[in-house]
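A short reminder: the numbers here are calculations on the coordinates, not readings from a lab. None of these values were measured; they are calculated from a predicted model. Positions of Cβ are generated from backbone atoms using ideal geometry, with glycine treated the same way; all protein chains shown enter the neighbour counts.
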């Protein structure tokens, strides 16, 4: 397992929702604030400022927001997308972040990083398709995607974060992501 200084594993969290009070932001912040010992979750801010990927603006003069995104993910040991589902797929902001992280081809900040997607959405499927699409896109971008990590949270009455079993599922997904050894996938 890749560990950063002081025996901490750093997880960059990419939010698929831009709303300040979104359920998925609340989930990400709850996971950050209640992360198990040795795990630090960093919510990557500013995805709304990253322009749509365009090779013509990439390179040495890439936008500062895209550079900041790349640096945040490069500094992490793992990447976790916390996202709702929009129209049966991942939100454009998350797809765009993965596009920027995949470049330069074969050397992007996401290459070789274990990646998982979790979150909640007000449908009976809990964001299943968005999470599948995010994992697929991240894999194509070069991330290592353990397929067994699933924490789709379906629509429910009340506050998702008040449900101890659902919160445990989300925290377990973080622990599984951190425990995943990318070398196992290559073997």
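Structural remarks
- Three-way shape label, the stretch 49-95, alpha-carbon gyration tensor, a/c 1.5: oblate
- Residue of 78, 32, 135 that the Gaussian network model of the chain assigns the largest fluctuation, springs spanning Cα pairs under 10 Å: 32
- FRET efficiency for the pair residue 19 and residue 107, taken as 1/(1 + (r/R0)^6) with r the Cβ-Cβ distance and R0 = 25 Å, rounds to 0.15.
- Burial order of peptide ranges 168-181, 81-94, 57-70 (average beta-carbon count within 10 Å, highest first): 81-94, 168-181, 57-70
- Distance between modelled label sites at residue 40 and residue 179, nm, 7 Å Cα→Cβ extension: 2.3 nm
- Full-stretch length increase - residue 33, residue 147 - with 0.36 nm per residue and alpha-carbon distance subtracted: 38.5 nm
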